[in-house]
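Undergrad: Here it is: the structure, laid out below.
Read the figures in this text as sums done on the coordinates, not as results from a lab. Every value quoted in this text rests on a predicted model; they were computed, and no experiment measured them. Heads up, the Cβs are rebuilt from the backbone with ideal geometry, glycines too, and the neighbour counts pull from every protein chain shown.
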Amino acid sequence: MKRFGYARDPLCVAACACYAGNRWLLPAAIKGVFLRGYFSDTLLIPAALPLILWLQRKFGLRTGDGRPHWSEIWTHVIVWSVAAEVVAPHFFSRATGDVWDVAAYAGGALLSGLFWQFA
């Protein structure tokens with residue numbers, strides 16, 4: 001089995017670069033609703049999951065270095081969705097729960113999972 005690259009994974013690198021470009025390089029004037037509100041959410045799993053899996057590997061919570069399994073991907077989608085869209089609005093005044101954010105997390109997770117399984 002080929003080792004997973006974690007932070008060196010091409011999808012992780014691309015997702016982090018896209019996030020940085022969308023956040024700091026694209027002017028707000030040219031951003032539509034998707035780029036302003038949901039694009040970063042679609043990048044959550046491809047950008048953050050490899051780093052979280054690396055931490056889990058270092059702490060002994062993940063036993064192998066293989067590509068992410070579907071169960072790992074969807075578990076993190078559920079955890080992030082509950083944390084960001086259900087719990088966070090109760091603690092942070094600027095946070096709002098949005099079902100479309102969850103849809104964006106799931107869409108990014110599905111595309112990431114397909115990439116990791118078939119690349």
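Undergrad: Classify region 6-118 as rounded, prolate or oblate, taking a ≥ b ≥ c as the square roots of the eigenvalues of its Cα gyration tensor: rounded when a/c is under 1.5, otherwise prolate if a/b is larger than b/c and oblate if not. Don't skip to the answer; put the middle values down first.
TA: On the way: a/c = 1.94, a/b = 1.35, b/c = 1.44.
Since a/c reaches 1.5 but b/c is at least a/b, the shape of region 6-118 is classed as oblate.
Undergrad: Between the helical axis of 99-118 and the dominant principal axis of the chain, each derived from Cα atoms, what acute angle in degrees is found, rounded to the nearest 10?
TA: With rounding to tens, the tilt is 30 degrees.
Undergrad: So, one more: How large is the dipole of the chain about the Cα centre if only Lys and Arg carry +1 and Asp and Glu carry -1, each at its Cβ, rounded to the nearest 20 debye?
TA: Details: 11 positive and 7 negative charges, 86 e Å.
Dipole magnitude for the chain comes out near 420 debye.
Undergrad: Order of 36-47, 100-111, 13-24 by packing, highest average Cβ count within 10 Å first?
TA: Packing order, densest peptide first, comes out as 36-47, 100-111, 13-24.
Undergrad: Arrange D65, D9 by Cβ neighbour counts within 10 Å, fewest through most, would you?
TA: Sorted ascending by nearby Cβ count, the order is D65, D9.
Undergrad: Please give, to one decimal in nm, the separation of the simple spin-label points placed at L25 and V86, each 7 Å out from Cα toward the Cβ.
TA: It works out to 3.7 nm between the two label points.
Undergrad: With an 8 Å cut-off on Cα pairs and a minimum separation of 6 or more residues, tell me the relative contact order of the chain in percent.
TA: Numbers: 103 pairs, mean separation 39.4, N = 119.
Taking the mean separation of contacting Cα pairs over the length of the chain, I get 33 percent.
Undergrad: With angles folded into 0 to 90 degrees, how steeply does helix 44-58 sit against the dominant principal axis of the chain? Use alpha carbons for both and round to 10.
TA: On a 0 to 90 degree scale, this one is about 40.
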